[in-house]
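*Asks:* Got a structure for you, written out below as structure tokens; questions coming shortly.
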Amino acid sequence: MTCELCATPPGGAVLWEDARCRVIRVEEPGYPGFCRVIWKAHVREMTDLAHADRLHCMNVVFAVERAMRDALSPVKINLASLGNMVAHVHWHVIPRFADDPHFPQPIWGIRQREDRIASANADTLTKAIRSEIAKVLN
């Protein structure tokens, strides 16, 4: 079976990448700004990564979270690393808003309302993510 996170194209607009991981914007109706941090090598679990690689991955996840907070002002940020459907290390970084379709439930939970109409400014978010990652990795 082919891993969809190893495939090209990478499953969304690439906002940032280096030799080890990439950040993509996920086109998910009702969830503007939803991103994934995807480890490029195919590994199943965070503990399959060397210590330095785990730190690198989490530094990127936390930088994306900080950028979302600054650029989008969400009510909450959800971080999730599930991998039940795709056993490849990746993190969902999801800005949550009081009027999003599932809030306060998880986005995979019971829908609470129709999709929100507002959208995240892709350029603003991309610039914020690149800036935050540069701060933590340099």
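The values are calculated or read from the model by the stated rules, or taken from the named source; none is laboratory data. None of the values given here were measured: they were computed from a predicted structure. Here the Cβ positions follow ideal geometry from the backbone for every residue, glycine too, while neighbour counts run over all protein chains shown.
*Asks:* Would you call Met68 among the hydrophobic types (A, V, I, L, M, F, W, C), touching a residue at least 12 places away in the same chain (Cβ under 8 Å) and in contact with a Pro (Cβ under 6 Å, 6 or more places away or on another chain)?
*Replies:* Judged against the criteria, Met68 is a match.
*Asks:* Now, a different point. Just wondering, is there one or more residues in the stretch 76-88 that are in contact with a helix residue (DSSP H, G or I) (Cβ under 7 Å, 6 or more places away or on another chain), touching a residue at least 40 places away in the same chain (Cβ under 8 Å) and not hydroxyl-bearing (Ser, Thr, Tyr)?
*Replies:* Scanning the stretch 76-88, I find no residue that is in contact with a helix residue (DSSP H, G or I) (Cβ under 7 Å, 6 or more places away or on another chain), touching a residue at least 40 places away in the same chain (Cβ under 8 Å) and not hydroxyl-bearing (Ser, Thr, Tyr), so the answer is no.
*Asks:* Continuing with this model, one more query. Among the residues in the stretch 114-124, are any within 21 Å of Ala13 (Cα to Cα), in contact with a strand residue (DSSP E or B) (Cβ under 6 Å, 6 or more places away or on another chain) and not in a loop (DSSP other than H, G, I, E, B)?
*Replies:* no
Condition check ((1) modelled with pLDDT under 90; (2) within 21 Å of Val23 (Cβ to Cβ); (3) surrounded by 12 or more Cβ atoms within 10 Å (Cβ to Cβ)) across all residues:
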{"position": "Ala80", "(1), (2), (3)": "no, yes, yes"}
{"position": "Gly83", "(1), (2), (3)": "yes, yes, yes"}
{"position": "Ile94", "(1), (2), (3)": "no, yes, yes"}
{"position": "His102", "(1), (2), (3)": "yes, no, yes"}
{"position": "Gly109", "(1), (2), (3)": "yes, no, no"}
{"position": "Glu114", "(1), (2), (3)": "yes, no, no"}
{"position": "Ile117", "(1), (2), (3)": "yes, no, no"}
{"position": "Ala128", "(1), (2), (3)": "yes, yes, yes"}
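*Asks:* Being in a loop (DSSP other than H, G, I, E, B), hydrophobic (A, V, I, L, M, F, W, C) and over 20 Å from Ala7 (Cα atoms) narrows it down to one of Ile129, Ile110, so name that one.
*Replies:* Among Ile129, Ile110, only Ile110 is in a loop (DSSP other than H, G, I, E, B), hydrophobic (A, V, I, L, M, F, W, C) and over 20 Å from Ala7 (Cα atoms).
*Asks:* Provide a single number: the residues in the stretch 29-60 that are in contact (Cβ under 8 Å) with a residue 60 or more places away in the chain and in a loop (DSSP other than H, G, I, E, B).
*Replies:* 6
*Asks:* Would you confirm whether or not the stretch 34-55 contains a residue that is exposed (fewer than 15 other Cβ atoms within 10 Å of the Cβ) and closer than 15 Å to Ile94 by Cα?
*Replies:* Scanning the stretch 34-55 turns up no residue that is exposed (fewer than 15 other Cβ atoms within 10 Å of the Cβ) and closer than 15 Å to Ile94 by Cα.
*Asks:* Follow-up question, since we're still on this one. Does Asp70 satisfy the criteria of being part of a helix (DSSP H, G or I), surrounded by fewer than 21 Cβ atoms within 10 Å (Cβ to Cβ), among the acidic types (Asp, Glu) and within 16 Å of the chain's Cα centre (by Cα)?
*Replies:* So Asp70 passes the test.
*Asks:* Only one of these is over 21 Å from Val136 (Cα atoms) and among the polar types (S, T, N, Q): Asn78, Asn84, Asn59. Name it.
*Replies:* Within the list Asn78, Asn84, Asn59, the selection yields Asn84.
*Asks:* Could you check how many residues of the stretch 7-28 are surrounded by 14 or more Cβ atoms within 10 Å (Cβ to Cβ), in a loop (DSSP other than H, G, I, E, B) and touching a Lys or Arg at 6+ places or on another chain (Cβ under 9 Å)?
*Replies:* Total satisfying the criteria: 5.
*Asks:* Can Cys57 be described as touching a Lys or Arg at 6+ places or on another chain (Cβ under 6 Å) and modelled with pLDDT of 95 or more?
*Replies:* Here the answer is no, as Cys57 does not meet what is asked.
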